[in-house]
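Each reported figure results from applying straightforward, stated rules to the coordinates on display, with no laboratory input. Not measured: the values here are computed from a predicted model. Please note: Cβ atoms are built from the backbone with ideal geometry, for glycine as well, and neighbour counts cover all protein chains shown.
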Amino acid sequence: MERLAPGAIVLFARNVSSLERTRALVSAARAACGGPDPALVCVDQEGGRVARLGFGEPLPSMSTLGAAGDSVLAERAGAALAYEVRRIGATVDFAPVLDLALAAESTVIGTRSLGADPDSVARLGAALVRGLQAGGVTATVKHFPGHGATALDSHVEVPVVSAGIEMLRQRELVPFAAAFAAGAGAVMTAHVVVEAVDADRPATLSHAVLTDLLRGELGFRGVCFTDDLQMDAIARGPGTARGAVLALNAGADALLVSHSLEAAFAARDAVAAAVRSGEVPLARLEEAAGRVAALRAAHARSALPEDAREDAGLGVEIARRGLQRVRGDARLDRARPVTVVSFEGVAGDGIAAVARRPSLSLALRRRRVKSESMRVALDPDAAMIEALVDVVRAQGSRDVVVLARRAHAHPAQRHAIDALLEVAPEAIVASTLEAFDVPCFARARTVFATHGDEEPNLEALADALLAPSPSTGSPFDRLTLRQAHPSTGSG
């Protein structure tokens, strides 16, 4: 660390243990970085499945907050994220995600998005920025200029966004402009090719995107972080070291290398060589270093606000407000046992992996309802579907709740749900991830959309299933229907 002397360091879940040990790690790492002001300490603490710190009450995914649609609630969520980040001594949160939920096939963005409507995402994103920065944390809005209109994952390949420039201005750029107006101190780039701006280079490496569009047209003056230069969209193209040179020349200020010290040293050496050769003007390096130094100096004078505290119950409050009853009024009978059919599978991607999901069955048991869970593959084979239907048929007297996960992308899951509804027509179906699933459940009489499957979401769903009135949750409004039936894609 002393030899590399980075301007910022990034924590991942692998670096986090207890609160006290993590604080000590942050302090030691910051001291090892050197410099006149403490190095920035950054973390991906978005809420939902991307949350590297697990010390406080979990927040649901941003899609849940988007469904709730309340700016005050969003600002409280930003403050809650800031509290968690500052408690360990970190100063920069790589959040919020401002990518729009435009591609039903996308899993890399998915429930991390606040929604599909640019104006709604802009309003809620700006509120999150205000909450984070009032709590002493620099908000880093991402992934500029937008990763939501493509299903491809830049961790493994180079996605392409083919929307025209006017469409980008009316859609993807709206939330970023609002966040900058709200004072966001940092932005993170997307490793996506935006054809209307630069058809030859990913945004991270594009002067047209990072200088002409970001700095020129949108007037952003804060720190520009790259996304991880070891992601395959860069590493399998120009490579991490060469990518660092190109990103710096394009207008990035902080070059993120997340997994390998050897790659970080190589990137540093490549930048130094490019400056010596004149490929990268010294003034560009000084400009980038100056922006990072200014942010370091600002945080050297700040601390966790004295009145900061945990917002107890916020996660469940967001989940309850974001829960939507699409149709039907069926509720569970506390006197009858319940079978929860939960479609699950390996949920890992380049962002996060879920080792074990929270359980609706356990949430119901905590409410003194007899319940058992049947875990089923996301795409069950014919034999599994037949066995599942036989079990549910044999249990005829039980209530049935089906937890669907991306059924729109898993034909066998859709078939299994239809087969279950044949033998249990009163079964309650819940779309637990993106609302793109909802049109798949035309045969279900009662349908919920939770907009996330974290613990707060399932706790809120358990309450709604047992509520004496069917009015629990917010209405399934036109915004959500646009999420379920996006009229605009990457074209």
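Rounded, prolate or oblate: which fits segment 324-472, taking a ≥ b ≥ c as square roots of the Cα gyration tensor eigenvalues, rounded meaning a/c under 1.5, else prolate when a/b beats b/c?
Rounded, because the longest to shortest axis ratio a/c is under 1.5.
Taking the number of other C-beta atoms within 10 Å as the exposure measure, put Met231, Met62 in order starting with the fewest.
Sorted ascending by nearby Cβ count, the order is Met231, Met62.
Based on alpha-carbon centroids, what's the gap between segment 242-286 and segment 371-417 in Å, whole number please?
51
Would you mind pulling out the separation of the Cα centroids of segment 89-131 and segment 312-336, in Å?
Centre-to-centre distance over Cα atoms comes out at 23 Å.
With θ set to phi - 60° and the Karplus curve 6.51 cos²θ - 1.76 cosθ + 1.60, what are the ³J(HN,Hα) couplings of segment 373-390 in order, to the nearest whole Hz, using x for Gly and Pro?
10, 10, 8, 10, 4, 4, 10, x, 7, 4, 5, 5, 4, 4, 5, 4, 5, 4
Name the residues whose placed amide hydrogens come within less than 5 Å of the amide hydrogen of Val376, ignoring near sequence neighbours (fewer than 5 apart) on the same chain.
Placed amide hydrogens put Ser342, Phe343, Glu344 under 5 Å from Val376.
Per residue of segment 125-132, what does 6.51 cos²θ - 1.76 cosθ + 1.60 with θ = phi - 60° give for ³J(HN,Hα)? Whole Hz please, x for Gly and Pro, Karplus curve as stated.
Coupling constants for segment 125-132: x, 4, 5, 4, 4, 4, x, 4 Hz.
Please give the peptides 264-270, 22-28 ranked by average Cβ packing (other Cβ atoms within 10 Å per residue), highest first, as a rough proxy for protection.
Values: 264-270: 18.6, 22-28: 16.1.
Ranking, from highest mean packing down: 264-270, 22-28.
What are the ³J(HN,Hα) values, in whole Hz, obtained from phi via the Karplus relation 6.51 cos²θ - 1.76 cosθ + 1.60 with θ = phi - 60°, for each residue of segment 277-292 in sequence order, with x given for Gly and Pro?
7, x, 4, 9, x, 4, 4, 5, 5, 5, 4, 4, 5, x, 5, 5
Highest first, please rank the peptides 400-407, 199-206 by the mean number of other Cβ atoms sitting within 10 Å of their residues.
My ranking of the peptides, most packed first, is 400-407, 199-206.
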